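The values are calculated or read from the model by the stated rules, or taken from the named source; none is laboratory data. Computed from a predicted structure; not experimentally measured. As a convention, Cβ positions derive from the backbone with ideal geometry for all residues, glycine included, and neighbour counts pool all protein chains shown. When the accessible area is computed, the model is the full protein with side chains, heavy atoms only, and any ligands, DNA or RNA have been set aside. Shrake-Rupley method; radii C 1.70, N 1.55, O 1.52, S 1.80 Å.
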Amino acid sequence: ILVRVALHPLSRASQRPMYKMQKLAPAVNKIREKYKSKKSKEAQQKMNVEIMELYKAHGANPITGCLPMFLQLPVFIGLYNAVAYSIELRQTHFLWITDLSLPDRLFPLGVHIGWPLEGYFNLLPVLMVLTMIVQQKMQPPPPDPQQQQQQKMMGYMVVIFGVLFYTVPSGLVLYFLTSSLLGIAEQKWV
């Protein structure tokens, strides 16, 4: 919770441009319609200039939404290393989790299927994926078709995160689950 509170200004700074761009979507679509039949490179450049001028006039910048997210990466890398290699988390209990330095292992599956299942059902990665999907559904749809495609790709990435996080320490997955829940609350508030 403290990490999420400390990173709140960066999260807020990345969310505001997205909401501004969502409000400008009808105007952006009008500009795109205006240049739809014109396929020349010059017409496409004019269209992009008009869209950027519209964003600038209303204080919306698509790039400023991504920059704060990149600034958070060193914090996440440090947090991963702290949780993955922390001696203090070994044999530490939390709810049904018997060791925060290992996957949560809610119950044995009865068969050893191999990576990532390894014979146990881990509940935390499943809950994390579900909350991340809910959080992603709450984001406004981007006006640009290319950005819509990127948002769709992020939907697939959430499932890949679930597979990758299936065998990592439960303390780390618990952090991301809590962070996603707080992110949902933060998105509602912003």
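Only one residue in S170, S86 is among the hydroxyl-bearing types (S, T, Y) and modelled with pLDDT under 75, so which one is that? Before you say what the answer is, go through the steps one by one.
Details: S170 fails: modelled with pLDDT under 75.
Only one candidate passes the filter, namely S86.
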- Kindly list the number of the only condition in (1) modelled with pLDDT of 80 or more; (2) under 30 Å from K23 (Cβ atoms); (3) open to solvent by 80 Å² or more (accessible area, probe 1.4 Å) that fails for P141. (1)
- Query: Does I77 fit the bill of being of a type in the set (A, V, I, L, M), closer than 30 Å to V168 by Cα, loosely packed, with under 13 Cβ neighbours inside 10 Å and modelled with pLDDT of 80 or more?
  - Reply: yes
- Are there any pairs with C-beta distances below 6 angstrom linking a residue in region 120-138 that is closer than 13 Å to G183 by Cβ to a residue that is polar (S, T, N, Q) and assigned to a helix (DSSP H, G or I), with the two at least 6 apart or on different chains, and if so which? T131/S180; M132/S180; Q135/S180; M138/Q187
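Looking only at residues that are in a helix (DSSP H, G or I) and among the basic types (K, R) in region 37-46, which one is most open to solvent (accessible area, probe 1.4 Å)? Full working, then the answer.
In the first step, residues of region 37-46 are kept if they are in a helix (DSSP H, G or I); the result is 41-46.
Next, from what is left, pick out any that are among the basic types (K, R): 41, 46.
Details: K41: 158, K46: 113 Å².
Here the residue is K41.
Each row is one residue, and each column tells you yes or no for (1) closer than 20 Å to L182 by Cβ; (2) part of a helix (DSSP H, G or I); (3) modelled with pLDDT under 75.
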position	(1), (2), (3)
P9	yes, yes, no
Q15	yes, yes, yes
Y19	yes, yes, yes
V28	no, yes, no
E53	no, yes, no
G65	yes, no, yes
A82	yes, yes, no
- Message: surrounded by fewer than 16 Cβ atoms within 10 Å (Cβ to Cβ) and at pLDDT 80 or above: is that true of V49 in this structure?
- Response: yes
- For region 144-167, which residues satisfy the criterion of being open to solvent by 50 Å² or more (accessible area, probe 1.4 Å), modelled with pLDDT of 80 or more and in contact with a Pro (Cβ under 7 Å, 6 or more places away or on another chain)? V163
- Lone unmet requirement of (1) modelled with pLDDT of 75 or more; (2) under 22 Å from R4 (Cβ atoms) for F107: (2)
- Note on the structure: Out of (1) at pLDDT 80 or above; (2) among the aromatic types (F, W, Y); (3) open to solvent by 100 Å² or more (accessible area, probe 1.4 Å), the one F70 does not meet is (1)
